[in-house]
Amino acid sequence: MRHALLEWLPLAGLIRDSAGNLYGTALGGNGFGKIFRLNESGQETDLLNFTYDSGSTGPGAALLRHVRGNLYGSTDEGGTHHFGTVFKLNNVGQQVVLHDFTGTADGSTPDSTLTMDDAGNLYGTTLSGGTGSCEDGCGVVFKITP
């Protein structure tokens, strides 16, 4: 089945809930990206359309869905420092920026799917920043505590 969503550049993998809905991210459209849900009939619902003012843009990695229904993800752009963010989209559709990367020791351009441990800590990687001998930093493995 070809869906019109393909015009939005969905580059990351999809996740599925127990009801059969698919969740994903896409980069295109308004230029800042979005989070969407597809039901089993193929009907698309936009859960969040990122904007320049939304605190984060460029959701290029797959989402993580918590058992309580919250979605977690990263954006490789946006935030106060424009080096990307880690965010939560709660089950009532509100976006909360959990970390705003500075491009220094904490890294920049998080572009990985997050993972969560039993304590609720989030882990991921960045493409650059951090410390090391690379010109712009070599990237970091990060941990965000609840």
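Alpha-carbon geometry of the stretch 100-146: the Rg and the Dmax are 11.0, 36 Å, given in that order. The order of the peptides 116-129, 57-70 by mean Cβ neighbours within 10 Å, most packed first, is 57-70, 116-129. For a distance above 23 Å, tell me the whole-number percent of Cα pairs in the chain that qualify. For the chain, the share of Cα pairs beyond 23 Å comes to 33 percent. Modelled spin labels at Asp117 and Thr145, positioned 7 Å past Cα toward Cβ, are 1.1 nm from each other.
Highest mean packing comes first when the peptides 77-87, 11-21, 91-101 are listed by Cβ atoms within 10 Å, giving 77-87, 91-101, 11-21. Sequentially through the stretch 124-132, phi angles give Karplus couplings (6.51, -1.76, 1.60; θ = phi - 60°) of x, 10, 10, 7, 8, x, x, 10, x Hz, Gly and Pro residues having no value and appearing as x. The simple spin-label model puts a point 7 Å past each Cα toward its Cβ; for His66 and Ser41 those points are separated by 3.1 nm.
Here, each number is a calculation from the coordinates, and none is a lab measurement. From a predicted model like this one, the values you see are computed outputs, not experimental measurements. Cβ coordinates were reconstructed from backbone atoms using ideal geometry, including for glycine residues, and neighbour counts include every protein chain displayed.
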